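The values are calculated or read from the model by the stated rules, or taken from the named source; none is laboratory data. Here the structure is a predicted model, which is why all the values come from computation and not from measurement. Using ideal geometry, Cβ is built from the backbone for each residue, glycine included, and neighbour counts are taken over all protein chains shown. Calculation scope for accessible area: heavy atoms of the full protein, side chains included, ligands and nucleic acids excluded. Shrake-Rupley method; radii C 1.70, N 1.55, O 1.52, S 1.80 Å.
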Amino acid sequence: MADFAPETFKKELINILDYWEKYAVNRKDGGFYGRVNYDNEGIADAPKAVVITSRILWTYSMAKRLLNNPKYLTLADRAFQDLSIHFIDAKEGGVFWSTEANGKPLEMKKQVYGNAFAMYGLSEYYRTTNFPPALERAKEIFYVLEKHAFDPVNGGYREAFARDWSETNDYILSKSPYNKSMNTHLHLVEAYTNLYRVWPDKTLKKQTAAMLEAILDHIVNNETSRMELFFTEKWESKDKIISYGHDIEASWLLYETAEVLKDEKLLKKTRDRCIKMAVAVSTGLSPDGALNYEYDPETKHTKSERSWWVAAEQLVGFYNAYQLTKINDFKIKSERSWAYIENKFIDKERGEWFGAVKEDGTPVRGDKVDFWKCPYHNARACAEMWKRLAENEK
């Protein structure tokens with residue numbers, strides 16, 4: 001069994017941070033590369049996404065707060081400037097989805113998912129620096145989402161809009177009439193929670209609690225304890241595809257939201273549901289300890305490729321379930337998750353983690369950095385495990 005100790009995870013967190021500092025920083029044109037290939041070569045003309053920029057901002061802000069190394073603040077500053085100058089839409093509010101490599105707006109639509117991560121990164125930067133403009137920009141995103149994306153009739157938040165917040169059918173992951181999604185709600189509640197940590201506003205608390213309730217009541221299927229993925233405005237579900245990674249990620253993120261809100265009734269409801277979700281997701285585990293990616297009960301097809309972000313989330317999710325229940329089987333699942341990561345995902349030659357690993361354990365030779373491959377899932381998982389295991393040793 002791989003070494004399952006606080007210092008192990010602290011060391012891997014630093015390894016990840018060092019990789020991104022060495023290979024992802026675009027020292028010629030500013031900001032960070034939108035793409036770094038398998039051989040750690042930055043692609044100068046690759047477009048950049050608000051998601052990865054915001055996740056880099058969150059990661060280095062978190063790193064400065066926990067490790068207090070000044071170089072992490074320098075990198076967080078770099079991401080903050082990139083996000084502020086190139087992604088924030090000063091005219092219409094919110095953030096653009098992507099830019100060209102030189103920072104010129106590319107896809108100017110307002111994806112709520114992208115705005116959520118901008119808020120998440122900005123609030124963490126403020127949490128670390130107490131720099132007022134960061135909080136103001138996070139609050140501005142909150143207000144514009146409440147104005148345009150919140151559904152006051154059915155609850156929850158719509159998926160996407162045109163640049164001026166008018167209607168669009170370009171949702172990236174789905175199409176009309178499925179204009180609400182699990183993925184957007186999961187990361188929006190995560191962003192609202194982080195913003196509430198630094199700005200305990202009554203309206204923000206109310207909306208965060210209401211969103212958590214909507215997720216528990218509409219997105220999590222109470223019979224299966226699994227989340228469904230896409231919905232109409234009135235919460236009619238598209239299909240029953242199981243996303244194992246999102247289920248285990250939600251099982252600890254939703255509980256974290258309830259903890260931050262300090263609502264005892266909601267905390268109990270969320271705790272019970274999150275434990276059931278961790279039990280249900282265990283059916284997606286393979287004998288090697290890794291979670292499959294997803295399963296379609298209609299076609300009986302399992303997508304068995306292992307993903308870096310799923311591996312990171314199952315590490316934390318199963319350990320969180322162990323902390324809530326003291327059932328040792330959950331701890332074993334977390335330990336096996338880390339053993340798989342250490343043996344199969346960590347690229348000991350080139351650094352960072354492989355984005356994907358085939359069912360037989362063979363790594364996929366894909367990009368190390370792209371629109372979605374970022375330092376947020378694995379750096380956060382290592383930080384969480386370092387903190388949780390260190391706390392247990394006290």
Check: the stretch 164-321 dipole with +1 on Lys, Arg Cβ and -1 on Asp, Glu Cβ, in debye: 460 debye
Among (i) 53, 49, 45; (ii) 59, 59, 53; (iii) 69, 49, 39, which is the computed Cα extents along the principal axes in Å? (i)
Near Glu259, within a Cβ-to-Cβ distance under 15 Å, what is the net charge of the other residues, with Lys and Arg +1 and Asp and Glu -1? +3
Counting only heavy atoms of the protein chains, get the accessible area per residue of the stretch 85-156 (1.4 Å probe) and round it to a whole Å² value. 40 Å²
Burial ranking of peptide ranges 356-363, 104-111 (average Cβ count within 10 Å, highest at the top): 104-111, 356-363
Expressed as a whole percentage, what fraction of the accessible surface of the stretch 289-394 belongs to carbon and sulfur atoms when a 1.4 Å probe is rolled over the protein heavy atoms? 46 percent
So for each of 36-46, 240-250 I average, over its residues, the number of other beta carbons within 10 Å; can you give me the resulting order with the highest mean first? 240-250, 36-46
Computed over the stretch 262-389: relative contact order in percent, which uses C-alpha pairs under 8 Å that are six or more apart: 21 percent
State to the nearest 20 debye the size of the charge dipole of the chain about its Cα centre, where the only charges are +1 on K and R beta carbons and -1 on D and E beta carbons. 780 debye
Which of Lys300/Lys333; Lys10/Lys387; Lys358/Lys387; Lys276/Lys344; Lys64/Lys262 exceed 20 Å between C-alpha atoms? The answer is Lys300/Lys333; Lys358/Lys387; Lys276/Lys344; Lys64/Lys262
Using a 1.4 Å probe on heavy atoms of the protein chains only, the accessible area for Ile275 in Å², nearest 10, reads 30 Å²
In Å², and per residue, what accessible area does the stretch 276-354 have when probed at 1.4 Å with the other protein chains present? 41 Å²
Estimated [θ] at 222 nm from DSSP helical runs (n ≥ 4, -39500 (n - 2.57)) normalised by residues in the chain, nearest 500: -17000 deg cm²/dmol
What net charge is computed for the residues neighbouring Pro105, neighbours being all others with C-beta under 10 Å from the C-beta of Pro105, Lys and Arg scored +1, Asp and Glu -1? -1
Given H placed 1.01 Å from N in the peptide plane, which residues other than close sequence neighbours of Glu305 have an amide H under 5 Å from its amide H? Tyr293
Summarise the accessible area of the stretch 81-189 (1.4 Å probe, protein heavy atoms) by the percent that is carbon and sulfur. 51 percent
Count the net charge of all other residues whose Cβ sits under 15 Å from the Cβ of Ile332, scoring Lys and Arg as +1 and Asp and Glu as -1. +1
If you stretched the chain out fully between Ser176 and Glu298, how much longer would it get, using 0.36 nm times the residue separation minus the C-alpha to C-alpha distance? 41.8 nm
Sequence gap of 8 or more, or different chains, plus Cα separation below 18 Å: how many lysine pairs satisfy both in the stretch 65-144? 5
How far is the Cα center of the stretch 372-394 from the Cα center of the stretch 168-223, in Å? 23 Å
Dividing the mean separation of Cα pairs under 8 Å (6+ apart) by the residue count of the chain yields a relative contact order in percent of 19 percent
